[in-house]
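I have placed the structure first, in the form of structure tokens, so that the comments after it can refer back to it.
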């Protein structure tokens, strides 16, 4: 039987991989067929830069952030960047079409990104393998006396 901590780690791993997959999938989609995404750019943004350029940059950022989330590199920061990008996407969707099923779906994905950013502890992430992932938990456990002597 798995411990509650192990179950939580598996849930965190699954959520992280799922969010990373979604970001990578749409990032690659924007890089492979950028013209299909032009309709999602709000009209006021068309004066900022050429639409194709904005989509290609956005696609690369989605791909890189999605890869970082999936692997668990700088997990809090990468999940926060994902949340900010998703919030901007939701804003653009709202401005171009109001509340749609795509907007509602993206709001759910935004919720996942916020959850990961709020609690990025995941024993299976790159951060944890590098010693950055669960250090805070160990310090708290030591203060509580869980490892024999309190700090």
Here the qualifying pairs (Cβ atoms under 7 Å; residues six or more apart or on different chains; first in region 20-32 and on the phi > 0 side of the Ramachandran plot and in contact (Cβ under 8 Å) with a residue 60 or more places away in the chain; second surrounded by fewer than 16 Cβ atoms within 10 Å (Cβ to Cβ) and not in a helix (DSSP H, G or I)) come out as none
Whether any residue in region 99-117 is over 11 Å from the mean Cα position of the chain (by Cα), in a helix (DSSP H, G or I), in contact (Cβ under 8 Å) with a residue 24 or more places away in the chain and within 18 Å of residue 68 (Cβ to Cβ) is what I want to check. no
Hey, any hits in region 31-52 for a residue that's part of a helix (DSSP H, G or I), within 12 Å of the chain's Cα centre (by Cα) and modelled with pLDDT of 90 or more? no
Here are 23, 17: which of them is surrounded by 11 or more Cβ atoms within 10 Å (Cβ to Cβ) and more than 19 Å from residue 90 (Cβ to Cβ)? 17
Going by what's in this entry, would residue 28 be described as at pLDDT 95 or above and either within 22 Å of residue 125 (Cβ to Cβ) or part of a helix (DSSP H, G or I) (or both)? yes
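The values are calculated or read from the model by the stated rules, or taken from the named source; none is laboratory data. What you see is a predicted model, and the numbers here were worked out from it, not measured in a lab. Cβ sites come from the backbone with ideal geometry, for glycine too, and all protein chains shown count toward neighbours.
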